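Report on the structure given below.
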Amino acid sequence: MKLKWIAISMALLLLVASGCSQGTQKKSNEGKKEDVLTIKMAVQPWVGNGPFWIAEEKGIDEKYGIKLETVPFEQDSDMNAAFASDKVQVANLATHTTIRMEANQDLDMKAIIFMDESHDADAILADKSIQSVKDLKGQKIAFEEGATSELLLQQALSEEGMTLDEVETVFMPASQAGLSMISGDVKTAVTYAPYINEVLGKKQDEGVHLIYTGKDSPGLISDIVVGKTKFFEDNPEATEKLRKVWDEALQYWKENEEEGNKIVAEGSGITAEELPSILSGLKFYNSKEQAEKARSGELMEAAGNIQKLMMEAGSMKKEVNLEEIFDME
């Protein structure tokens, strides 16, 4: 009998130990799942998103406890709708788009990464009969309504004391705006790379040239990573993790240019040969550089100017508190 009870006791101990072991393993597995934060990121086929495609391809996201899933969109409207309806957690948006969405849709948003700004990657092109922005008065100008092209044109005109009312607007996608210059339908168009290079490649010998670019107004045309404030409150580690992923992927691209270019070209739907000319018109920022830009006041000055232009154009219903949107330090 004594041996029987000893056997029973040992069996019970083994069962309890087994249960504890399973419980510990389950807890460990659950903890592992919780350590990896899945983030769906809305992107468009634009080279500015390059470091995130590299991070996704090379596993840099997983190194920092993130499972990054880039979700591609062709149209601004579709991407913005997906973000507004929480189908994605973060989105890579133009700065002016972020400000306008905050104002018009009452979205409580935070911008956490200043990705890039356009220098020569956005431009106003004109034929040889137009030598300056002042010469645009009364001219037919092709550009995409509500996009960065419109903002660039507004800025250029405002510096000369002019408005959109003083030119003849012809609304069309940026790709078609370039084609309209090539065909001779308009003398002026506002577009961005690679369409700028396409126009110049075919018409530069005939005198087509740039009369205003993003470089003339630093910070006006830029891209940022944004998310709903609630997402960052619920996931306080997300901001720092995304910044680390961005920084390392950006550095990886610099150190592995050929491989990085191949990944970025594929993501943006162009050839690797086209990429260098586009990149030459962009400036990327790492976390340290973006923080310096924020502390210097440059970032808020540019954002304030963007808001002013959109209020004047009537594309915003109200002004927003820009300080509450931008968290770049």
Report summary line: Among SER268, HIS119, PHE83, the residue whose Cα sits farthest towards the positive end of the charge dipole of the chain, when +1 is placed on the Cβ of each Lys and Arg and -1 on the Cβ of each Asp and Glu, is PHE83
Query raised in the report: Pairs LYS137/LYS283; LYS67/LYS293; LYS244/LYS283; LYS254/LYS293; LYS134/LYS187: which are spaced more than 25 Å apart, C-alpha to C-alpha?
Result: LYS137/LYS283; LYS67/LYS293
**Report entry** Positive dipole terminus of the chain, leading residue within GLY201, ILE306, GLY48 (C-beta point charges)
**Finding:** GLY48
Query raised in the report: Can you give the relative contact order of the stretch 84-213 as a percent, counting alpha carbon pairs under 8 Å and 6+ residues apart?
Result: 34
**Report entry** Cα-based helix-to-principal-axis angle, 298-313 vs the chain, degrees rounded to 10
**Finding:** 60
Query - Accessible solvent surface per residue of the stretch 258-329, calculated while the other protein chains remain in place, 1.4 angstrom probe, Å² - result: 55
Report summary line: Listed residues MET79, MET162, MET181; largest mean-square fluctuation, Gaussian network over the chain with Cα springs below 10 Å, found at MET162
Query raised in the report: Charges only on Cβ, +1 for Lys and Arg, -1 for Asp and Glu: so what's the dipole of the chain about the Cα centre, in debye to the nearest 20?
Result: 1660
Query raised in the report: How much accessible area per residue does the stretch 85-223 have, in Å², with a 1.4 Å probe?
Result: 39
Query raised in the report: How many percent of the accessible area of the stretch 62-150 is carbon or sulfur, using a 1.4 Å probe?
Result: 42
Report task. Give the angle, between 0 and 90 degrees and rounded to the nearest 10, that separates the Cα long axis of helix 95-105 from the longest principal axis of the Cα atoms of the chain. Result -> 80
Report task. Report, in whole Å, the centroid distance computed from the Cα atoms of the stretch 226-261 and the stretch 33-93. Result -> 10
Query raised in the report: How much of the accessible area of the stretch 174-301, in percent, comes from carbon and sulfur atoms when a 1.4 Å probe is used?
Result: 46
Query - Folded to 0 to 90 degrees: helix 148-158 orientation relative to the chain principal axis, Cα - result: 40
**Report entry** Protection proxy ranking, peptides 310-317, 39-46, average beta carbon neighbours within 10 Å, highest first
**Finding:** 39-46, 310-317
Report summary line: Per-residue ellipticity at 222 nm attributable to helices in the chain (runs of n ≥ 4 DSSP H, -39500 (n - 2.57) apiece, nearest 500 deg cm²/dmol) works out to -15500 deg cm²/dmol
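The values are calculated or read from the model by the stated rules, or taken from the named source; none is laboratory data. Every value quoted in this text rests on a predicted model; they were computed, and no experiment measured them. Note that we place each Cβ from the backbone using ideal geometry, even for glycine, and neighbour counts take in every protein chain shown. Side chains included, ligands, DNA and RNA excluded: accessible areas come from the protein's heavy atoms. Shrake-Rupley method; radii C 1.70, N 1.55, O 1.52, S 1.80 Å.
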